[in-house]
Amino acid sequence: MASNATAKCPGPMKAASQGAFQGESPLDYALPLAILQICLVVVVTRGLAYLLHPLRQPRVIAEIIGGILLGPSALGRSHKFLHAVFPPQSMTVLDTLANLGLLFFLFLVGLELDISAIRRTGKKALAIALAGISAPFALGIGTSFAFRATIVKGAPQGPFLVFMGVALSITAFPVLARILAELKLLTTDLGRMAMSAAAVNDVAAWILLALAIALSGSGSPIISLWVLLTATGFVIAIGLFLRPVLAWMARRSPEGEPVKEVYICATLAIVLAAGFVTDTIGIHALFGAFMVGIVVPKDGPFAGVLIEKVEDLISGLFLPLYFVSSGLKTDVATIKGAKSWGLLVLVIANACLGKIGGTVITSLFVKIPVREAVTLGFLMNTKGLVELIVLNIGRDRKVLNDEAFAILVLMALFTTFITTPIVMAIYKPARKTVPYKCRTVECAAGDTDSELRVLACFHTNRHIPTLLNLVEASRGTGRRRLTMYAMHLVELSERSSAIGLVQRARRDGMPFFNSKEQRTEQMVVAFEAFQQLSSVRVRPMTAISDLDTIHRDVIDSAADKRAAIVIMPYHKALHHDGSFQSLGSAYHAINKRVLREAPCSVAILVDRGLGGHAQVSARNVSFSVAALFFGGPDDREALAYATRMAEHPGVAVTLARFHPSRPQPDEEDAADEAAVEAFKAKVGAVKDGSVRFEEPEAYTREQVLATIESLSGFNVFVVGRMPPTAPLVERPDELGPVGSYLVSPGFRTSASVLVVKRYDPATNPKSKRFDPKAGPPAATEEDALDEAEMGRSAVVPVTQSPMSEIA
C-alpha cells in the first residue's frame, strides 16, 4: 500500500531535458517549463493591457485578470491545460520565481518612497489618510464576523480580524499614481492631496500587515510578541548599521562616473540577506527588501543606477508571475450559492462605504468641495499589488480559505476597475484659461508693449543647444522682451520609477529628471547659464504623460502661459550621414495634434545643429537666416518671426520672395504685399546690410528648387507650413510643401529649419475651446493634406459654407 501511495506522488522535476529527439518532453522538466510559463504570462498580461488601454485602466488590472484567466477560473478548468502548463510539481519553482521578483520589486518601491515627503504631509492629507484607514478597517472587522459565521468557520479569530481590516483599508499608492497620471490630475491640488494621503496609507498598511503576520503564527501570544520585538530591532539595526554602509557606497559613486559593479552586486546581495533575516524572524522576506530600499540614499546616481539595473527585468518578466501565482489560487467557481455571492456584495459595499465614506466625510470637514471630496474618495479606494500580497500571505498562513480568497481578489479587482471611469464621470476640472489677444508672432510684433511668449518643447538634451540658440536669435530689442517656457516632454512609462520621477519633479520644482542623472545636470546647467547670460527669461516646465495624450499638456500649457507660438521638435532625428530617421509614429502624432489643436501659432524645429553642440553666447551670435516667402497666412507669420530675428545684431536675414503657383483671394494678396512692404522698410532702415530682400525670377518648380539650392549655405531656413504653391516633393509630411523639401535627402544643407503655422481659429477647430470669439471652422487645403497624412477624418471638407465641429 505504501508503494502505491508513493507511486501516485510526482517526484521532483529535473532542471533540463535532453531534447525532444531523445524522446523527452520539455514540459516534464523545470527549466523549459518555467520558460514557457514566463512567456505565456507575458503574452497574456501584455495583450490584456493593450486591450484595456483604451479604457485607461492601469496595468495591474490586466495582470490580475490575466492571472485569473490562466487559473482554474477559466483556462485552468481544462485539466489537460492545467496539468501540462502549470502541473502541481512546478508550482514550487513558479512560486519561488514569483516571490523573488516580488522581493526585488518591493526593494524598488522602497527606493522610490520619499520618507521626507511623508513627514511634510499636511494636516488635511493626514486627516484624510487616517480616516481612509480607520473607517474601512473597522468595517473590515465587522465583515469578518459575517465571514466567520458562514464560510471561514475554522479561521483563528485575531489574525482573521486583522487581515480583513487590512484588506479593506489598503490604498495602492503606485496604482493611484498611475490613474492620476492617466487622468492628468497628478499636478492638481486634488492629485497632490490624494498622493500625500496614499503615501501615509501605504506606510500604515505595511505596519498593519507586519502585525497581521506576527499574529497569524501558530505559536503562543508570547511568540508573536517576540516576532514583533525582533522585527522592531531589525528596523533599528537597518537604520544604525546598514544605512551608513549604503551612504558610503553612494558617496563613492560621484556624478559623471559609472557606479562600480561591486557596489551594485553588494547592494543586491544585501537585499537578499535582509529578506532572509526577516523570513527567519517570521514577518516574510518582503519586509527586509522593502526596508533596504528605504534606507538607500536617494541623492546622486547610485539609486538611479540600481533602479535602471533591476527594474525592467523584474517588472517585465518576474513580477507578472506573482499575479499568475495568485490567479492559480483563485477559483471563482468556489463562489457559489446566494450566501457566497451575498458575501461578495457585502465586502465590496463595505470596502467602498468605509474608504469612500470615511474620505468624503473627512474631506468635507476640512473644507474640500463636495465634488472633489467624492472624487478623492473613489481615488483612495484603489487596490493593487499590496492587496494581493496581504491576501496571499493570509491564504498561505491558513487564515483565508479558497472561497474567501477568491471573494477578496474579486473585490480588489472591482474597486480598482471602477475608479477611472467614475472619476472621469464625476470630476471634470474647469480650466481657468484667461483669454488673451496675442496668439501670433505677428500680433506680438505689432504691440510694442507686449513681450513674445514662446513655449519651446524638447524630448532630449540634444535638442537644447539649437533651441537656446534659436531663442537667443529671436529675443528682439530691449531687455526682457522674450520669455521662454522650456517644456521637457517626458514619456510616462509603465515603470514604477516614472511615478518617482513625477514626485521629485513636483517636490523640488526642478524640471528635468530621468534615469541619466548626468544628463539631468547638463539640462539644468544649460538653462541656468542661458538665463544669466541672455536677456531672455527662462521658465522651465515638465510634461510627464503618456505619448498618446502628452499633446494636451502642451496645448493647455500654451493657453495657461498665453504663448504666442509653440516650438515643437521634429519627429525625426539627424544622423551622422545627414539623413533623418523617425523617432516613431507616436512622436509624429504629437506634432500633428499640436498643429491641429494649439491655441496659438506653432513652429516645427528641424534640428541640424544650429551653432554647433553648445549654446552660443549672445555676443558671439553670428547666424544667417533665409526666409522663403510664397504668400499666405503661414508665410506672413514666418516672415514676422524672421523680422524679429533681424533685430538681433548678430543675425543677418534675407527674404526671398517667390511667386505663388496657386491663386489666392484678393484680401490675402493685399495682406502679403503689406507684409513684404513692411520688411522692405526695415531693409532701408538697417544700414549695415544685414537685412536683405530678393525677388528671384523663379516661376517653374525647377527654378524654385535651383533658387533654394543657392541659399543652402544659410544657417536657418524660416518658412510657412502651407504656402500657396505646389509641393516640391512627392509626399510632403506635416512640414508642408516647402518645408518637406528642406529636410528631404535631395537637399544637401547643414541649415536648421523652422516651419511656422499661423494661428487661425477658422482653420483650427480644436483650438476653438480656448477662444470664445472664434468663428466656425472651415475646411481648407491644409485639412486635405492632414487627412491624407493621418488617414482619418477630423474635418469634413466643404466648398464655401462653414461647418460645425466634428467630434
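The values are calculated or read from the model by the stated rules, or taken from the named source; none is laboratory data. This is a predicted model, so every value here is computed, not measured. Glycine also receives a Cβ, built like all others from the backbone with ideal geometry; neighbour counts cover every protein chain displayed. Heavy atoms of the whole protein, side chains included, go into the accessibility calculation; ligands, DNA and RNA do not. Shrake-Rupley method; radii C 1.70, N 1.55, O 1.52, S 1.80 Å.
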If you filter segment 641-700 for GluC sites (Glu not before Pro), then keep DSSP loop positions with at most 15 other Cβ within 10 Å, what is left?
GLU697
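If you count only protein heavy atoms with a 1.4 Å probe, what accessible area per residue comes out for segment 1-148, rounded to a whole Å²?
Values: 7740 Å² over 148 residues.
Per-residue accessible area for segment 1-148 comes out at 52 Å².
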Give the distance, in whole Å, between the Cα centre of segment 234-276 and the Cα centre of segment 710-732.
56 Å
Evaluate the distance, in nm, between pseudo-label points positioned 7 Å from the Cα of LYS123 and of ALA349 along their respective Cα→Cβ axes.
3.7 nm
Spelling out what I want: for every residue of segment 678-683, take phi, set θ = phi - 60°, compute 6.51 cos²θ - 1.76 cosθ + 1.60 (Karplus), and round to whole Hz; glycine and proline get x.
5, 5, 4, 5, 5, 4
Express the carbon and sulfur contribution to the solvent-accessible surface of segment 644-755 as a percent, rounded to the nearest whole number, probe 1.4 angstrom.
52 percent
At 7 Å along the Cα-to-beta-carbon direction for both GLN157 and ALA269, put a label point, then send me their distance in nm to one decimal.
5.0 nm
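Between VAL42 and ASP560, how high is the FRET efficiency from 1/(1 + (r/R0)^6) when r is the Cβ-Cβ distance and R₀ = 45 Å? Nearest 0.05.
0.65
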With Cβ to Cβ distances under 9 Å as the rule, what net charge do the other residues near ILE151 carry (K, R +1; D, E -1)?
+2
Computed over segment 299-410, protein heavy atoms only, probe 1.4 angstrom, the accessible area per residue in square angstrom equals 35 Å²
For THR150 and GLN664 in one chain, what is 0.36 nm times their gap in residues minus the Cα-Cα distance, to one decimal in nm?
176.9 nm
Using a Förster distance of 60 angstrom, determine the FRET efficiency expected from the C-beta separation of THR230 and SER622, and round it to 0.05.
0.25
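Where does each of 457-470, 52-65, 128-141, 23-36 land if you order them by average Cβ count within 10 Å, highest first? List each step's numbers first, then the result.
Values: 457-470: 21.4, 52-65: 19.8, 128-141: 23.5, 23-36: 15.3.
In descending order of packing, they fall as 128-141, 457-470, 52-65, 23-36.
What percentage of the solvent-accessible surface of segment 134-206, computed with a 1.4 Å probe over protein heavy atoms, is contributed by carbon and sulfur atoms? Don't skip to the answer; put the middle values down first.
On the way: 1310 of 2030 Å².
Taking all protein chains in place, segment 134-206 shows 65 percent carbon and sulfur surface.
Using the Cβ atoms and a cut-off under 11 Å, what net charge is assigned to the surroundings of LEU388, where Lys and Arg are +1 and Asp and Glu are -1? Present the calculation step by step, with values, prior to reporting the outcome.
On the way: positive: LYS329, LYS383, ARG395; negative: GLU63, GLU387.
Its environment carries a net charge of +1.
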Once normalised by the length of segment 4-163, the mean sequence separation of its alpha carbon contacts under 8 Å that are 6 or more apart gives a contact order in percent of 14 percent
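Which whole number in µm²/s is D for segment 40-151 by Stokes-Einstein, with the Kirkwood Rh taken over Cα pairs at 4 °C and 1.567 mPa s? Write down the numbers at each step before the final one.
Values: Rh = 18.2 Å.
Here the translational diffusion coefficient equals 71 µm²/s.
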For segment 283-414, rounded, prolate or oblate, judged on the Cα gyration tensor with a ≥ b ≥ c (square roots of eigenvalues), a/c < 1.5 rounded, else prolate if a/b > b/c?
oblate
Under the rule of at least 5 residues apart or a separate chain, name every residue whose amide H is placed under 5 Å from the amide H of ALA652.
PHE623, SER624, VAL625
Burial ranking of peptide ranges 543-556, 167-180 (average Cβ count within 10 Å, highest at the top)
167-180, 543-556
When Rg is the radius of gyration of the Cα atoms in segment 210-284 and Rh is its Kirkwood radius, what does Rg/Rh come to?
1.15
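Set the Förster radius R0 to 56 Å, insert the Cβ-Cβ distance between ARG251 and ALA15 as r into 1/(1 + (r/R0)^6), and round the FRET efficiency to 0.05.
Values: r = 42 Å, r/R0 = 0.75.
The pair ARG251/ALA15 has a calculated efficiency of 0.85.
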In Å², and per residue, what accessible area does segment 254-295 have when probed at 1.4 Å with the other protein chains present?
44 Å²
Between MET541 and residues 5 or more places away or on another chain, the pairs with built amide H atoms under 5 Å apart involve ALA486, MET487, HIS488
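Give the peptides 230-240, 389-399 in descending order of average Cβ contacts within 10 Å, highest first. Each step should come with its number before you reach the end.
Details: 230-240: 14.5, 389-399: 21.3.
So the order, starting with the most tightly packed, is 389-399, 230-240.
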If you build the convex hull over the alpha carbons only and average its shadow over all orientations, what do you get for segment 566-670? Give it in nm² to one decimal.
9.1 nm²
Sequence order, segment 200-213: Karplus ³J(HN,Hα) from phi using 6.51 cos²θ - 1.76 cosθ + 1.60, θ = phi - 60°, Hz rounded, Gly and Pro as x, gives 5, 4, 5, 5, 4, 5, 5, 5, 5, 5, 4, 5, 5, 5
Quick one: 3J(HN,Hα) in Hz for segment 658-669, Karplus 6.51/-1.76/1.60 with θ = phi - 60°, rounded, Gly and Pro as x.
10, 7, x, 8, 10, x, 10, x, 4, 5, 5, 4
Label point distance in nm, VAL370-ALA84, each placed 7 Å from Cα along Cα→Cβ:
5.8 nm
With a cap of 16 neighbouring Cβ atoms within 10 Å, and only residues DSSP puts in a loop, list the trypsin sites (Lys or Arg not before Pro) found in segment 255-326.
LYS260
